[in-house]
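See structure below.
The values are calculated or read from the model by the stated rules, or taken from the named source; none is laboratory data. Predicted, not measured: the structure shown is a model, and the values here were computed from it. Cβ atoms come from the backbone with ideal geometry, glycine included; neighbour counts cover every protein chain shown.
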Amino acid sequence: MSMVYEGALADLVEEFGKLPGIGPKSAQRLAFHILQSPELDVSALAHALTEVKKRVRFCETCGNVSEEEQCAVCKDPRREQSVICIVEEPKDVVAIERTREYRGLYHVLGGAIDPMAGVGPDDLRIKELLPRLESGTVTECVIATDPNLEGEATATYLIRLLSSLGVTVSKLASGLPVGGDLEYADEVTLGRAFQGRTSVA
C-alpha cells in the first residue's frame, strides 16, 4: 500500500507497517494521523520513542522492564519472596499485576520455546532463573506461560526442570482460553486462574 505514496510519507507508512498487529491499512491510517497532527504532538511522540530506547532496560534480577538495575517489583520488600511467577514477556507481568491476586516475584523468560522459529531453552532466560532458587527462599514457582503450543512446550520443559530442584511447581488453572495470550485476558479470568492454580510437581 505504501507504493502509492512517495518519499517521507511512504517511509512512514512502511515503518508503521513493521509494527506487530499493524497491517497496511492501519499503517496508512497512522501515517495520515501523524501528518495531520500538530507539530508539538508529533515532537512529543518522537521524544517518547527516543527516550524509551535510551532509558528503559531489563531488570537484572527478573528480566522485567525497568529504568534502573532492578524493577519496582524486585525492589519492593513487601512482595512475597517465596513465590516466583514465570512469564514469557514483560507485558504478562502487567496483565497479572492488574488482577491484584498475586503478591510474589516474577521471572521473565523473554519468549517461549518455538522450534519452528529456532527458539530453544538456551535462547530464553532460564539459566538466570536457577540461581534465584539456590538460596532455598523460593518454595514455589508458578508457571504462567501463554496457553498456546509454544507456551505449553515451555511449561512442559520448565516442569521437568524445576520439579527436580525441590520447589513446588504450579501452573495457572483453567479459565484462560487456549490459543490466546495473557495480555488479552481480562482481570477476572486471570484472577480466577491464579486462585485455582494446581500443583504439577
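Structure notes:
- On inspection, Arg125 passes the criterion of being in the same structural domain as Leu158 (by TED's automatic domain parsing), of a type outside the set (Phe, Trp, Tyr) and not in a helix (DSSP H, G or I).
- Segment 21-66, subset β-branched (Val, Ile, Thr) and part of a helix (DSSP H, G or I), residue nearest to Ile84 (Cα to Cα): Val52
- In segment 99-113, the residue that is surrounded by the fewest Cβ atoms within 10 Å (Cβ to Cβ) out of those that are over 8 Å from the mean Cα position of the chain (by Cα) and not hydrophobic (A, V, I, L, M, F, W, C) is Arg100.
- The set of residues in segment 164-201 being at pLDDT 90 or above and polar (S, T, N, Q) consists of Thr168, Ser170.
- Residue among Glu15, Glu60 that is of a type in the set (D, E, K, R) and over 30 Å from Arg197 (Cβ atoms): Glu15
- Search result, residues across segment 114-172 that are closer than 17 Å to Asp92 by Cα and of a type in the set (Asp, Glu): Asp146, Glu150, Glu152
- Check on Ile96, within 23 Å of Leu172 (Cβ to Cβ), surrounded by 13 or more Cβ atoms within 10 Å (Cβ to Cβ), in contact with an Asp or Glu (Cβ under 8 Å, 6 or more places away or on another chain) and not aromatic (Phe, Trp, Tyr): no
- Looking only at residues in segment 97-118 that are at pLDDT 95 or above and among the hydrophobic types (A, V, I, L, M, F, W, C), the one that is farthest from Gly196 (Cα to Cα) is Ile113.
- Of all residues in segment 52-102 being of a type in the set (Gly, Ala, Ser) and either in contact with a Lys or Arg (Cβ under 9 Å, 6 or more places away or on another chain) or in contact (Cβ under 8 Å) with a residue 40 or more places away in the chain (or both), the one that is farthest from Gly180 (Cα to Cα): Ser82
- Residue match in segment 101-109 (condition: touching a helix residue (DSSP H, G or I) at 6+ places or on another chain (Cβ under 6 Å), assigned by TED's automatic domain parsing to the domain that holds Glu152 and among the basic types (Lys, Arg)): no
- Verdict on Asp41 being free of Cβ contacts under 8 Å to residues at least 60 places away in the same chain, of a type in the set (Asp, Glu), out of contact with any helix residue (DSSP H, G or I) (no Cβ under 9 Å at 6 or more places or on another chain) and surrounded by fewer than 16 Cβ atoms within 10 Å (Cβ to Cβ): no
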